[in-house]
Structures are given as C-alpha cells and as structure tokens.
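First the structure, in the form of structure tokens, and then the observations on it.
The values are calculated or read from the model by the stated rules, or taken from the named source; none is laboratory data. All values reported here derive from a predicted model rather than from experimental measurement. Note that each Cβ is placed from the backbone with ideal geometry, even for glycine, and that neighbours are counted across all protein chains shown. Just the protein is used for accessible areas: all its heavy atoms, side chains included, with ligands, DNA and RNA removed. Shrake-Rupley method; radii C 1.70, N 1.55, O 1.52, S 1.80 Å.
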Amino acid sequence: MVGQQFIRQLTGHPWFRPVWLGASERSAGKSYADAATWRLASQMPDDLRGTRVDSCTPGRGPHLMFSALDANAAKDVEPAFAQAGHLVISNARSYRMDPLVPLLIPEVNADHLALLPAQRRARGWRGAIVTNPNCSTVVLSMALAPLRQFGLRSVMVTTLQAVSGAGYPGVASLDILGNVVPAISGEEEKMESETQKILGALEGTSVTPHPVVVSAQTTRVAVIDGHTESISVALDARPSIADVIAALQAFRGRPQELGLPTAPPKPIVWLEAADRPQPRLDAERDGGMTVTVGRVRACPVLDVKFIALGHNTIRGAAGAAVLNAELMRAGGLLVGD
C-alpha cells in the first residue's frame, strides 16, 4: 500500500519522477502492471504500466531511492544501497532509532539532517539513509511540536488506527467489522521512543531525546484510511486553552517557509466543531499531508486533551518521505541527482 502511495505521490511531481522500480526476485523481470495489483482509487499511471521491475541490487537505479520495504528486508537492503552511493529515504522501522540516522518530520526537526556527515563517516557510506516515523508517531509528534514551548512533561495517547496501516489485505473482516482490536504489535513502543527522538535537540553529532514521557495504547478500528488519536498532555507552563489553540494554529516549519511542493500551507489545522476531526471528512485534507486537531479542552488528570487525525499512508508514510526528499533537495543535499 505504501509502495503504491509512493507512485501516486510522485506522479506529476515537479521535481521527482519514478524511473526505476526494485522488488524481490519473484517480481524481477515482470512489468509493473503484472507484478503489482493496484489497490488505490486512482489509476495506475500509464507510463509505468510497462516499466520492468528490477531486482534490489545496489548500484542499479538512480541516486535517490524511496524505500517501502518490509523492515526485515530493509534491514539488509537499505544499508547495501547506502554503501553503493544511493540516498535512501526509508519508510521502514529498521534504522529509525539508529543514533546517526535522521528520523525526520521536516516541520519539526529539519536540523536533524546535520547527522548525515557523521553517518557517512562512521559507516563508510557514500550514500545515506534518512527515515520517516511510524504512521501514528507522525500524528502525535506534529500535534505535540507546537506545545514544546509550554514545557512538555508527559503524554497519554490512545490511537484508533485504520486498517490500511496493516498493509494489503489488512485485517480479516471477521476480526475488524463491528470490532476493535486493542493491540498492534510493536506500535506502542515505536510511539513512545520515536516521539522523544523527533522532538529531541541536535547537539553536535547526536540527538538528545526530549524528556517527555509518552504512554501509548494502540488499537485497530474499521476505518480504511486515517489514524485518529486521543491525546492528553501535561505542560509545565499550564497555558490556557486559548494559548494552546493559538500555538497549534500558528505552527509552521521549513517546508512552509520554502514553499515545498508537497507541503501543506498549514501543517496543523484546528477545527472548532465539536464532532471533528473525522477520518472520512478530514484525512484527505491538503492531499493527506495535514494533521487535523479538534476538541481542545481542559483535562482533569493532566492539563490539556484533544483529538488529532492524520492520513496514515500519506503524511504517515509515502507523503512524509517525499517531503523529506524535497527538504533535502532545497538544502542542496541531493548531489548526484
């Protein structure tokens, strides 16, 4: 699902276009139309239907690679491509917590790209690996980033995650219809650790994790696209609800300053309506790249609570990776393309 979303995001892109497709030996040599059953509502691009799928052999293909590999495959394939001189923008979890690999949300921690020279020196790579976060971590980290100014202390979050996050064919219908599955393997640990790295401070050639303590509970629900999160936050400064809403509305980052093609004009949109955000109504906002926040109110246990929503395969996966590459191009970091 993420691989096809990459194709969708890159079709008609003003800076990038898909010219090489790599996959397992099982698919190598086939046309893309024969190797992939298209699952998105948009049509498979005509100019890619006949493109021959290549094996994942380092040294083949362009300098810039977008990786939608399963983590087990990515663990070996991605560093091999980086060693061969490719810049790998990865959606896999394999290297997110590597101390020399940027775990990037361009609006939040663009400065973490400064890890790349140290990564190349330490690994002896001509290329590099840059990762985007877990799909639920993206939503949480973007919603928390504007609140750092108030002294983030602790967070409790419960997710309601779409079935597309489980890949195709997702979750069996008898397991998900009329039901909630209250566990997603490894998801809670990712949210709790990745958020600290993303919100952390770059100090020299390392990132000092943010001290915020995150407690996550993750569930799978019968929604196709869009991860919803119920978030409660403790803040040292005890801001008013109006101050919190103003901080969310004012939030911008480097992508907005640079006018990057995939960047939404407002990375966070606050909705006043009492029954928003909703996946069916809000997940596709600004091409799926916006995090929508609503129901900001006082929390009787912590300080503030609210609902946040993001599109899990776009802002939470392929769109996030494309935005990472755009930020790097704007910063002159795609030498060789």
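Quick notes
- Residues within the reach of a label modelled at residue 73 (point 7 angstrom out along Cα to beta-carbon, backbone nitrogen below 18 Å), restricted to segment 169-196, are 169-170.
- In plain terms, if you count all Cα to Cα distances in the chain and split them into 10 Å steps from zero, the share in each step is 6, 26, 35, 24, 8, 1 percent.
- Bridge orientation summary for segment 157-286: considering DSSP beta bridges with both residues in this region, about 60 percent are antiparallel.
- Against the main long axis of the alpha-carbon atoms of the chain, helix 319-330 sits at an angle near 80°.
- In Å, descending, principal axis extents of the Cα set of segment 219-337: 54, 37, 22
- In units of the compact-protein estimate 2.2 N^0.38 Å, segment 25-95 shows a Cα radius of gyration of 1.18.
- For residue 304, neighbours were defined as the other residues whose beta-carbon sits under 11 Å from its Cβ, and their charges (Lys and Arg +1, Asp and Glu -1) total +2.
- Nearest-20 debye value, segment 8-161 charge dipole, Cβ charges on Lys, Arg, Asp, Glu: 180 debye
- Share, in percent, of DSSP beta bridges within the chain that are antiparallel, nearest 5: 50 percent
- D (Stokes-Einstein, µm²/s), Kirkwood Cα radius, segment 166-222, 0.692 mPa s at 37 °C: 243 µm²/s
- With θ taken as phi - 60° and the Karplus curve 6.51 cos²θ - 1.76 cosθ + 1.60 applied, the whole-hertz 3J(HN,Hα) list for segment 306-316 is 6, 10, 10, 9, x, 6, 6, 9, 9, 4, x Hz, x standing for glycine and proline.
- Formal net charge of residues neighbouring residue 117 (Cβ-Cβ distance under 14 Å; K, R +1; D, E -1): +3
- Along the axis of the charge dipole computed for the chain (Cβ charges of +1 for Lys and Arg, -1 for Asp and Glu, origin at the Cα centre), the listed residues 5, 212, 16 are led at the positive end by 16.
- Under 25 Å from residue 266, Cα to Cα: lysines that are on another chain or at least 8 residues apart: 197, 305
- Separation in nanometres of the label points that stand 7 Å from Cα toward Cβ, at residue 224 and residue 11: 1.5 nm
- Counting only aspartates and glutamates at least 8 places from residue 190 when in the same chain, those with an alpha carbon closer than 16 Å to its own are 70, 98, 229.
- Counting only Cβ charges, +1 for Lys and Arg and -1 for Asp and Glu, the dipole size of the chain around its Cα centre is about 340 debye.
- 3J(HN,Hα) couplings calculated from phi for segment 141-154 with the Karplus curve 6.51 cos²θ - 1.76 cosθ + 1.60 (θ = phi - 60°) are, in sequence order, 5, 5, 5, 7, 3, x, 8, 4, 5, 9, x, 4, 10, 8 Hz; Gly and Pro show x.
- Between residue 33 and residue 258, the simple spin-label model (points 7 angstrom out along Cα→Cβ) gives 3.7 nm.
- Using a Förster distance of 41 Å, the FRET efficiency for residue 240-residue 111 (Cβ separation, nearest 0.05): 0.85
- If you wrap the tightest convex hull around every Cα atom of segment 129-227 and split its volume per residue, you get 109 Å³.
- Placing +1 on the Cβ of every Lys and Arg and -1 on the Cβ of every Asp and Glu, with no other charges, gives segment 77-226 a dipole of roughly 420 debye about its Cα centre.
- Whole-Hz couplings from phi, Karplus 6.51/-1.76/1.60, listed for segment 51-64; x for Gly and Pro: 5, 7, 7, 9, 6, 7, 10, x, x, 8, x, x, 5, 8
- Helix 187-198 vs. the chain, principal-axis angle (Cα, 0 to 90°, nearest 10): 90 degrees
- In segment 66-206, Rg over Rh equals 1.01, where Rg is the alpha-carbon radius of gyration and Rh the Kirkwood radius from pairwise Cα distances.
- Partner aspartates and glutamates for residue 30 [C-alpha distance under 17 Å; skip if fewer than 8 residues away on the same chain]: 46, 47, 54
- Neighbourhood net charge (13 Å Cβ-Cβ; Lys/Arg +1, Asp/Glu -1) for residue 45: +1
- Residue 333-residue 60 FRET efficiency (beta carbon distance; Förster radius 30 Å; 0.05 resolution): 0.85
- When a 1.4 Å probe is rolled over the protein heavy atoms, the share of accessible surface on segment 131-246 that falls to carbon and sulfur comes to 55 percent.
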